[in-house]
């Protein structure tokens, strides 16, 4: 993340994203596949790390670390052909986008950090229960109800942040400058949609 100063002197928190180019590896249509979608590949990969099936599928397009499919939302995306490259030029300064990615994993966490519980009081004879969840409502139930907020694995979820603004587009370096924070750590794969 960086600080971005606009022409009128305002400062924005921003994230630099290395975006593409992505290569169209397959175009799916209703006649042969039953639905319309575009499959793209991103990031170089060693040939030895790919299966024969993937090598045969990609053939002369190159070898990609990530292959992802997107459902066609409009006729414009269906005009693409196998081998076409999509780069940052599809975005313009001022576009409003949404970014999706896997959030940072935080491991096994208790209820105070995971759900914002307050814990028990230190007084009234309690000794070690400041950060405990307390009763989960036993009563007549002999089971833990679905959705009960308890300790567990936190993070590593698919998170989408919408309403982000494209501040700069650098076509030479294939980078985007997007306002605000986007999910994930440095180096994680992000999906950016307009």
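The values are calculated or read from the model by the stated rules, or taken from the named source; none is laboratory data. Just so you know, these numbers come straight off a predicted model, no measurement behind them. Counting neighbours? That spans all protein chains shown, and the Cβs are built from the backbone with ideal geometry, glycine included.
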### Message
Name the single residue that is farthest from residue 154 (Cα to Cα) among those in region 107-120 being surrounded by 10 or more Cβ atoms within 10 Å (Cβ to Cβ) and either free of Cβ contacts under 8 Å to residues at least 24 places away in the same chain or touching a helix residue (DSSP H, G or I) at 6+ places or on another chain (Cβ under 8 Å) (or both).
### Response
120
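Please determine whether any residue of region 81-88 is out of contact with any helix residue (DSSP H, G or I) (no Cβ under 7 Å at 6 or more places or on another chain) and without any contact (Cβ under 8 Å) to a residue 60 or more places away in the chain. So that I can check it myself, show each step before the final result.
Here is the first cut: in region 81-88, the ones out of contact with any helix residue (DSSP H, G or I) (no Cβ under 7 Å at 6 or more places or on another chain) are 81-82, 84-88.
Subsequent filtering for residues that are without any contact (Cβ under 8 Å) to a residue 60 or more places away in the chain retains 81-82.
Within region 81-88, one or more residues are out of contact with any helix residue (DSSP H, G or I) (no Cβ under 7 Å at 6 or more places or on another chain) and without any contact (Cβ under 8 Å) to a residue 60 or more places away in the chain.
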### Query
Take the residues of region 17-35 that are touching a strand residue (DSSP E or B) at 6+ places or on another chain (Cβ under 8 Å) and surrounded by fewer than 16 Cβ atoms within 10 Å (Cβ to Cβ): which is modelled with the highest pLDDT?
18
### Message
Among the residues of region 71-90, what is the count of those that are under 22 Å from residue 171 (Cβ atoms), in contact with a strand residue (DSSP E or B) (Cβ under 7 Å, 6 or more places away or on another chain) and not in a loop (DSSP other than H, G, I, E, B)?
### Response
4
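Every residue, every condition in (1) surrounded by 17 or more Cβ atoms within 10 Å (Cβ to Cβ); (2) at pLDDT 95 or above; (3) touching a strand residue (DSSP E or B) at 6+ places or on another chain (Cβ under 7 Å), yes or no:
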residue	(1), (2), (3)
146	no, no, no
154	yes, yes, yes
164	yes, yes, yes
171	no, no, no
174	no, no, yes
178	yes, yes, yes
185	no, no, no
191	no, no, yes
194	no, no, yes
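Kindly evaluate residue 20 against the criterion of being under 25 Å from residue 179 (Cα atoms), touching a residue at least 24 places away in the same chain (Cβ under 8 Å) and assigned to a loop (DSSP other than H, G, I, E, B). Can you show your working first?
On the way: under 25 Å from residue 179 (Cα atoms): yes; touching a residue at least 24 places away in the same chain (Cβ under 8 Å): yes; assigned to a loop (DSSP other than H, G, I, E, B): yes.
In short, yes.
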### Task
Please work out if residue 38 is touching a helix residue (DSSP H, G or I) at 6+ places or on another chain (Cβ under 6 Å), within 21 Å of residue 158 (Cβ to Cβ) and surrounded by 11 or more Cβ atoms within 10 Å (Cβ to Cβ).
yes
